[in-house]
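Right, one structure below, let's go through it.
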Amino acid sequence: MDPERRCEVMGVIETRRYCSTCGRQTRHVSQRFSPEAALLLAILTAGLFLIMWFFISIGERHKPWVCCECSERRHTSDDKKREKQTQNVE
């Protein structure tokens, strides 16, 4: 599986990330609101659900990534902090 490939399956996004507990690149998953369900709700509510879906998608950015090997939870902000620390060291 390509490390940069992301696929959406039933509202779950998966990718490969570094896990500090496992000490290597592992598969991580994060739950997302299903696009198919959002489309169905948008049709049923004559488009009114699209406004709500916008706010849901903003809130989903803060959901944690979970390692499939050890179940460690990581937030995207943890990755940004690590990048800043490595830049400061150099």
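The values are calculated or read from the model by the stated rules, or taken from the named source; none is laboratory data. Note that the structure is predicted; figures quoted are calculated from it, not measured. We place every Cβ from the backbone using ideal geometry, glycine too, and count neighbours over all the protein chains shown.
Tabulated data
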read-out	value
Long-range neighbours under 6 Å by Cβ, at least six apart or interchain, first residue modelled with pLDDT under 85 within the range 53-74, second assigned to a loop (DSSP other than H, G, I, E, B) and charged (D, E, K, R)	Glu60/Arg32
Counted residues, the range 42-69 - those being assigned to a helix (DSSP H, G or I) and surrounded by 12 or more Cβ atoms within 10 Å (Cβ to Cβ)	8
Yes/no for Ser30 being surrounded by 13 or more Cβ atoms within 10 Å (Cβ to Cβ), at pLDDT 70 or above and among the small types (Gly, Ala, Ser)	yes
Test for Cys19: is it surrounded by 15 or more Cβ atoms within 10 Å (Cβ to Cβ) and modelled with pLDDT under 90	yes
Test set (1) among the hydroxyl-bearing types (Ser, Thr, Tyr); (2) modelled with pLDDT of 80 or more; (3) not in a strand (DSSP E or B) - Thr86 fails condition number	(2)
Which numbered condition Pro35 fails, given (1) in contact (Cβ under 8 Å) with a residue 12 or more places away in the chain; (2) over 30 Å from Tyr18 (Cβ atoms)	(2)
